[in-house]
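All of the numbers you see were taken from the coordinates with simple rules; none came from a lab. Not measured: the values here are computed from a predicted model. In this analysis, Cβ positions are derived from the backbone assuming ideal geometry, glycine residues included, and neighbour counts consider all displayed protein chains.
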Amino acid sequence: MEYRAAEESTREDDWLWLARAAEGDQIAFARLVERHQDRVVGLCQRLLGNREGALDAAQEVFLRLYRKAAALERRGQLYTWLYRVATNYCLNRLRRRKIVRFLPFETSAPEGSDVRDWQPVDLGPGPERELADRQRWQRTRSAIAALPLNQRAVLILARFEGLAYREIAQILEITEGAVESRLFRAMRNLQKAQEGGT
Amino acid sequence: MDRRIERRLMRRLHGELPTEEVRRLDELLERDADLRTELERLGALWRGLEGPSPALAPTDFAAQVLERLEASEESTASWPLALRWAASAMVVGGIALGVFVGRWAVIEEAAIMLQQPPSLAESYFALLESTSADQEEAVR
């Protein structure tokens with residue numbers, strides 16, 4: 001109940017700050033950015049696979065928010081809009097990169113990736129465990145990077161961002177059935193990749 | 001295995017299945033060993049996707065966004081009004097020219113087709129007809 005009330009007040013605050021931003025109040029806009037920056041940067045980093053590109057993409061998403069502030073329909077959660085713009089922006093960037101390179105998207109370490117940004121959390125004693133965790137995570141990342149873009153987006157939103165099917169459907173502007181199907185196919189492809197790699 | 005049941009398993013892992021459906025699926029799982037294996041396999045894969053969280057945004061991220069915003073506004077504002085009008089006129093003019101040239105090319109092509117000499121096949125058949133007529137006359 002408390003959670004719902006907090007969520008509701010966050011939603012109200014977001015739209016309130018956005019209305020102020022639309023009138024040119026940059027402090028209100030900065031507060032909005034601060035509230036959502038970690039989620040947006042995190043999502044962009046997971047989709048693009050590199051830190052520099054993610055920061056640039058996230059900045060672009062917030063610039064678009066500022067420019068659209070006056071015209072945006074004040075309905076639902078603001079983060080849904082931010083996620084939608086961030087996802088579309090990153091996927092378009094990946095598509096363009098694919099066309100330019102004429103090669104599949106990073107199947108090993110992504111370009112410009114900074115290993116320090118992806119250090120696994122300390123799960124136990126010893127550097128061996130840490131090394132094993134890092135190798136396992138590297139393999140997982142490669143398998144995720146090899147997924148078709150639409151499956152990758154659904155998987156990241158579901159597994160890493162913890163969003164419900166309904167929210168993912170809203171963000172990607174597809175049906176819940178399509179979310180279910182893409183997620184299932186992504187899991188199947190990961191399973192195949194894992195079996196092929198072992 | 002039925003695709004619908006496999007997808008139900010995914011929904012269950014993701015916590016998307018209503019309580020009543022979870023109960024029904026559990027009953028099914030009790031009876032079906034293959035289904036249990038599949039759920040375990042999917043579950044292991046789902047849990048294996050757990051990775052470290054990406055680093056947080058830098059503390060001055062909002063300030064960077066504001067800087068970029070100001071820079072973009074300045075660059076747009078620094079264009080004098082006349083220059084912006086001229087740029088717009090050039091774009092419109094370019095499009096009009098493109099349409100005109102495109103249409104002219106089609107007309108020109110049609111004119112060339114009308115003026116074209118007979119094709120090689122037509123010449124060949126004409127030659128064949130005249131040769132056979134000559135031969136017939138010679139026989140006569």
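Restricting the calculation to alpha carbons of region B:3-48 gives Rg and Dmax of 9.9, 28 angstrom. If you take the Cα centroid of region B:33-49 and the Cα centroid of region A:5-64, the two points sit 36 Å apart. Spacing of the modelled spin labels on A:D13 and B:E38, each 7 Å from Cα toward Cβ, amounts to 4.5 nm. Site pair A:R39 and B:I107 shows an inter-label distance of 5.9 nm when each label is modelled 7 Å from Cα along Cα→Cβ.
Taking amide H positions as modeled 1.01 Å from N, with prolines and chain starts lacking one, the residues under 5 Å from B:A57 and 5 or more places away or on another chain are A:D38. If you take all other residues with their beta carbon under 12 Å from the beta carbon of A:R39, and give Lys and Arg +1 and Asp and Glu -1, the sum is -1. Each of A:E60, B:E108 has some number of other Cβ atoms within 10 Å of its Cβ, and from fewest to most they run B:E108, A:E60.
Remark: region A:49-56, residue by residue, has Karplus-estimated 3J(HN,Hα) of x, 8, 5, 4, x, 5, 5, 5 Hz, where x stands for each Gly or Pro and the curve is 6.51 cos²θ - 1.76 cosθ + 1.60 at θ = phi - 60°. Sorted into 10 angstrom bins from 0, the C-alpha pair distances of region A:146-198 split as 28, 53, 16, 3 percent.
Shown is the FRET efficiency for A:E23 and B:E73, computed with R0 = 22 Å from the Cβ-Cβ distance and rounded to the nearest 0.05: 0.90. Each label point was placed 7 Å from the Cα along the Cα-to-Cβ direction; for A:R75 and B:V99 their separation is 3.5 nm.
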